[in-house]
Amino acid sequence: MSASAIFVLDLKGKVLICRNYKGDVNMAEIDHFLPLLMQQEEEGLLCPVLSHGNVHFMWIKHSNLYLVATTNKNSNASLVYSFLYKIVEVFTEYFKELEEESIQDNFVVVYELLDELMDFGFPQTTDSKILQEYITQEGTKLEVAKSKVPTTVTNAVSWRSEGIKYKKNEVFIDVIESINVLVNANGSVMSSDIVGSIKLKTMLSGMPELRLGLNDRVLFALTGRDKGKTVVMEDVKFHQCVRLSRFDSDRTISFIPPDGESELMSYRINTHVKPLIWIESVIEKFSHSRVEIMVKAKGQFKKQSVANNVEVRVPVPSDADSPKFKTSTGTAKYVPEKNMVVWTIKSFPGGKEFLMRAHFGLPSVENHELEGKPPITVKFEIPYFTVSGIQVRYMKIIEKSGYQALPWVRYITQSGDYQLRTNV
């Protein structure tokens, strides 16, 4: 079973909009949600599922809103949470920003969407591109002759409309990998992994069948071609268009793609990653007088690659003042509201080393508040490069009209949760 009703509340617990799908839970039960939440917050026992009697509240917070699903059955919680996050995604597609004001300004469209997204407590059409075909933000005009249900709603392929035409048929494939690294104060890598996603921008006519080939180790082992670099992907998640039975039997990624932009798949690679931008820092704190910071950044990736828009964020004491900077490249800026120095390097070639020095004054009065030791964080993006070595080996496009289509592939590596701890 799924949800009985969906509520959208403001931060004070006032119901902005709601939809009762099954009628088996009293709608007044939502009044108990915020008091329960506040009570658990005070006790430090905050839980994603709250219960009052035999009614369960499953909730998420987004911006200044609570999205709450109620049920009195033993519902599939993961299905309900996936649906709540899908609501956020669809509303954001429609209103650009999902917050209290956008709900109040568009309540007619929100009601229409809630009607189409779920029926009798079960998720229905959740693809925003398909919903946009028949739920528009313009005022609905009464044209009886023209009103008809889009074929996609009754199709086996509910994510793609029929009769799509392009003058030039192309597919753009982006392989984007984010690196998560945690380095302790002694310079040892404590944890590291790669989270990747393959995104498509499809501009193809008709109903094409696509087949994507990757250098997947399991596939190579199945076919007996164990040559060259291969990768082992874990936690693989696919878009609904991918034929999972085909992937399970012979690891072929076969699908009819949605039109326009979509995420085809995401994956994780649990491997030891050498930090691509290595940071060495010396932070000296002279009590009641000053703080001296020296940060050295080194590119530990191929010389032919270049990291773009690198940001090294160095924490400083909250009572520091009078900043002075000296950098061998880029610019350094003090951001007092976040208690950090942001060192920005537009272009960082592999194998290069750069230096930044900072000097801050400290007040003569001792700050008695205990401060934590936030880590140095790094943001960057390296085009035409993947850490894992994943490769798109082929993309076959088959369509009954037999047109030629061009697949374009782009690789990007970027920082995810990239932290280096300091001694001070």
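The values are calculated or read from the model by the stated rules, or taken from the named source; none is laboratory data. Computed from a prediction, not measured in an experiment: that's the story for all the values here. Don't worry about glycine lacking a Cβ; one is built from the backbone with ideal geometry, like all the others, and counts go over all protein chains shown. Note: areas computed on protein heavy atoms with side chains; ligands, DNA, RNA excluded. Shrake-Rupley method; radii C 1.70, N 1.55, O 1.52, S 1.80 Å.
Some points to look at:
- Gained length - residue 89 relative to residue 201, 0.36 nm times residue gap less alpha-carbon distance: 38.5 nm
- Applying 1/(1 + (r/R0)^6) with r as the Cβ-Cβ distance of residue 337 and residue 100 and R0 = 41 angstrom yields a FRET efficiency of 0.95.
- Spin-label pair residue 359-residue 328: with each label point 7 Å from Cα along the Cα-Cβ axis, the two points sit 2.0 nm from one another.
- Local electrostatic count, residue 254, Cβ distance below 15 Å [Lys/Arg +1, Asp/Glu -1]: +2
- The slack in the chain from residue 263 to residue 111, taken as 0.36 nm per residue of separation less the alpha-carbon distance, amounts to 52.0 nm.
- Estimated FRET transfer efficiency when R0 is 30 angstrom, pair residue 164-residue 19 (beta carbons, to 0.05): 0.40
- Distance from the C-alpha centroid of the range 32-58 to that of the range 77-133: 24 Å, rounded to the whole angstrom.
- Surface share of carbon and sulfur [accessible, 1.4 angstrom probe, percent] for the range 277-383: 50 percent
- Site pair residue 344 and residue 292 shows an inter-label distance of 2.9 nm when each label is modelled 7 Å from Cα along Cα→Cβ.
- Max mean-square fluctuation residue, GNM over the chain, Cα-Cα springs under 10 Å, options 104, 300, 391: 104
- For residue 264, the residues 5 or more places off, or on other chains, whose built amide H falls under 5 Å of its own are 198, 199, 200.
- Ellipticity at 222 nm from helices only: DSSP H runs of n ≥ 4 in the chain, each -39500 (n - 2.57), divided by the residue count, give -5000 deg cm²/dmol.
- Taking the Cα centre of the chain as origin and assigning +1 to Lys and Arg Cβ atoms and -1 to Asp and Glu Cβ atoms, the resulting dipole is close to 2340 debye.
- Point-charge dipole on Cβ atoms (K/R +1, D/E -1) for the range 5-132, about Cα centre, debye to 20: 300 debye
- Rounded to the nearest 20 debye, the dipole magnitude of the range 277-383 is 660 debye, with +1 charges on Lys and Arg beta carbons, -1 on Asp and Glu beta carbons, and the Cα centre as origin.
- Computed over neighbours whose Cβ is under 12 Å from that of residue 334, the net charge equals +2, Lys and Arg +1, Asp and Glu -1.
- Average accessible surface area per residue within the chain, 1.4 Å rolling probe, Å²: 54 Å²
- Checking the Cα-Cα distances for 165/199; 61/229; 12/86 against a 31 Å cut-off, the pairs over it are 61/229.
- Residues listed by number, the range 388-424, amide nitrogen under 14 Å from residue 246 label point at 7 Å toward C-beta: 395-400
- ³J(HN,Hα), Karplus 6.51/-1.76/1.60, whole Hz, each residue of the range 240-249, x for Gly, Pro: 4, 6, 6, 7, 5, 4, 5, 5, 5, 7
- Cβ-derived FRET efficiency at R0 30 Å, residue 51 paired with residue 11, nearest 0.05: 0.90
- Cross-link pairs exceeding 25 Å in C-alpha to C-alpha distance, out of 201/400; 129/346; 302/379, comprise 129/346.
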